[in-house]
1. Kindly identify the range 65-110 as rounded, prolate or oblate by the Cα gyration tensor criterion: order the square roots of the eigenvalues as a ≥ b ≥ c, call it rounded if a/c is under 1.5, otherwise compare a/b with b/c, prolate if a/b is larger, else oblate.
2. Suppose R0 equals 22 Å; then what is the FRET efficiency for residue 204 and residue 49 from their Cβ-Cβ distance, rounded to the nearest 0.05?
3. At a 10 Å Cβ-Cβ cut-off, how would you order 115, 154, fewest neighbours first?
4. Listing 194, 121 from the residue with the fewest other Cβ atoms within 10 Å to the one with the most, what is the order?
5. Which of 93, 118, 77 sits farthest toward the positive end of the charge dipole of the range 75-122, with +1 on the Cβ of Lys and Arg and -1 on the Cβ of Asp and Glu?
Amino acid sequence: MRFHTIAATVLVFIAPAAPCEVIPGVPLVPPERAAQPVASVALLNPGFESAAPGAVGAPHGWLVGQHAGPPSYTFTHDAEVSRTGNLSLRIDNIGPEPWGALDQVIAATPLRGKMLRFSAWLRTRNATGNAHGGGASLAMQTKRGGYVVEQARMRVGAVGGTTDWARYELHLRVANTADEIEVGVNLFGPGTVWIDDAALDVVEPPSPPAAPVTAPGAPKPELQQLRP
């Protein structure tokens, strides 16, 4: 997520050529397995089809930043590689800082108490990661007065190496005290990530696992293994 916004961020348009809560595993969820949303929350420019510049040279509707120090990440509209439409957003590591971030801020008040799902399609190239994360990852957090209340990240399950387009998602319930929600994508260390088709939805909480069913009078499952 964005902690230090940099004024020297580079945003480039490439013309077409003549294609915290730490999540324990990679939350790759194909569309056919994704839960149906209760409602959708509008994001600005979720598919990066608008090439109009936003704040400090960021894509329209989004903010960009990095850890600190000299410019180490570029944020580029890419017309050569996209999942749908004509453009995607590409983050490249070009310097020593440990992470670069793309994120969008949404008002939290009307969504307090609701379970949100943030999803996006990612593609990576030579994403090797570093001590802060394993490559490219989604991130969500709620804030109040500028301070983080709750967050969900996929640092442990970050997308590393070279991968084709795949859909990833995170879930987070909006705190009743939150006034802002931030959603976005981080790149930790060397490599490249492309982002396309981001979405934010209200969903029902995941169902708890069903308890094992045993016949009346049968030994409890945990006791069966103790019998000779």
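1. Since a/c reaches 1.5 but b/c is at least a/b, the shape of the range 65-110 is classed as oblate.
2. 0.15
3. Least to most surrounded, the residues fall as 115, 154.
4. Values: 194 24, 121 21.
Listing 194, 121 from fewest to most nearby Cβ atoms yields 121, 194.
5. Looking along the dipole axis, the top candidate is 118.
Any read-out appearing in this document is the output of simple, stated calculations on the displayed coordinates, not a laboratory observation. Quantities reported herein were computed from a predicted structural model and do not represent experimental measurements. For neighbour counting, all protein chains shown are included, and Cβ atoms are generated from backbone atoms with ideal geometry for every residue, glycine included.
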